[in-house]
1. Based on what the data block shows, is MET51 aliphatic (A, V, I, L, M), more than 18 Å from LYS139 (Cβ to Cβ) and modelled with pLDDT under 95?
2. Let me confirm something: among ASP20, ASP77, ASP38, ASP34, which residue is modelled with pLDDT under 95 and either over 18 Å from ALA144 (Cβ atoms) or among the aromatic types (Phe, Trp, Tyr) (or both)?
3. Being in contact with a Ser or Thr (Cβ under 8 Å, 6 or more places away or on another chain) and among the aliphatic types (A, V, I, L, M) is the filter; apply it to segment 36-62 and report the residue that is farthest from ASN89 (Cα to Cα).
4. Looking only at segment 115-130, filter to residues that are over 17 Å from VAL75 (Cα atoms) and of a type in the set (A, V, I, L, M, F, W, C); which one of those is nearest to the chain's Cα centre (by Cα)?
5. Take segment 5-36 and flag every residue that is in contact (Cβ under 8 Å) with a residue 40 or more places away in the chain, not charged (D, E, K, R) and not in a helix (DSSP H, G or I).
6. When both residues are 6+ apart or on different chains and their Cβ atoms are under 7 Å apart, which pairs have a first residue that lies in segment 119-138 and is farther than 21 Å from SER5 by Cα, and a second that is at pLDDT 95 or above and of a type in the set (Asp, Glu)?
7. With GLY56, GLY91 as the choices, which residue is surrounded by 12 or more Cβ atoms within 10 Å (Cβ to Cβ) and in contact with a strand residue (DSSP E or B) (Cβ under 7 Å, 6 or more places away or on another chain)?
8. Can you tell me which of SER66, SER103 is surrounded by 13 or more Cβ atoms within 10 Å (Cβ to Cβ), touching a Ser or Thr at 6+ places or on another chain (Cβ under 7 Å) and either of a type in the set (Gly, Ala, Ser) or modelled with pLDDT under 95 (or both)?
Amino acid sequence: MAAISIQDYAQQIGTERVSDWVEVTQEMINTFADATGDHQFIHVNPEMAKMTPFGGTIAHGFLTLSLMPLLSSKVADQPQIEGLKMGINYGGNKTRFITPVPSGARVRGRFKLLELAEKKPNQWQQTTEFTVEIEGRDKPALIAEWMSMLFV
């Protein structure tokens, strides 16, 4: 998609974009466990995890949330903002982990622009609804309302 001005991007409130599917592998889960120190068996021990209601290992909720940049990069029609110098995380208004993501499942991101407001000259606060869908499941893995600061 061609580059657009931040003002034109602000006109896209309510627009929803969907990413391609990404597989959540056991290797990804293990690497996240090593990075965070969260080695709970439901994430890293397939044999023990088989005995749980999940029937196998599941991704950490925070791993699922941390897929936001990866899934965002896989949105084909994501507009590029002219003059964007950087974007940084500002925080979340709410996050709900609804359905665990089994190892080997494919997920995709659904991004809906909720708000874009200029806070200072060339500094914009973006609020996005971020939903992670699991292929073949009715309920999403998570829904979050996330805020970023965009600097143009």
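1. On the way: aliphatic (A, V, I, L, M): yes; more than 18 Å from LYS139 (Cβ to Cβ): yes; modelled with pLDDT under 95: no.
The answer is no for MET51.
2. Numbers: ASP20 fails: modelled with pLDDT under 95; ASP38 fails: modelled with pLDDT under 95; ASP34 fails: modelled with pLDDT under 95.
None of the other options fit; the residue is ASP77.
3. Within segment 36-62, the subset in contact with a Ser or Thr (Cβ under 8 Å, 6 or more places away or on another chain) is 42-46, 49, 56-60, 62.
If we keep only those that are among the aliphatic types (A, V, I, L, M) as well, we get 42, 44, 49, 58-59.
Details: ILE42: 29, VAL44: 28, ALA49: 33, ILE58: 26, ALA59: 22 Å.
The extreme case among them is ALA49.
4. Looking at residues that are over 17 Å from VAL75 (Cα atoms) and of a type in the set (A, V, I, L, M, F, W, C), I get LEU116.
5. Once the filter is applied, which keeps residues that are in contact (Cβ under 8 Å) with a residue 40 or more places away in the chain, not charged (D, E, K, R) and not in a helix (DSSP H, G or I), segment 5-36 yields SER5, GLN12, ILE13, GLY14, THR15, VAL18, SER19, TRP21, VAL22, VAL24, THR25.
6. Between residues of segment 119-138 that are farther than 21 Å from SER5 by Cα and residues that are at pLDDT 95 or above and of a type in the set (Asp, Glu), the close pairs are GLU129/GLU145.
7. Details: GLY91 fails: surrounded by 12 or more Cβ atoms within 10 Å (Cβ to Cβ).
None of the other options fit; the residue is GLY56.
8. Details: SER66 fails: touching a Ser or Thr at 6+ places or on another chain (Cβ under 7 Å).
Selected residue: SER103, the only one of SER66, SER103 that is surrounded by 13 or more Cβ atoms within 10 Å (Cβ to Cβ), touching a Ser or Thr at 6+ places or on another chain (Cβ under 7 Å) and either of a type in the set (Gly, Ala, Ser) or modelled with pLDDT under 95 (or both).
The values are calculated or read from the model by the stated rules, or taken from the named source; none is laboratory data. Quick caveat, the model's predicted, so the values are computed rather than measured. Glycine gets a Cβ as well: all are built from the backbone with ideal geometry, and neighbour counts include every protein chain shown.
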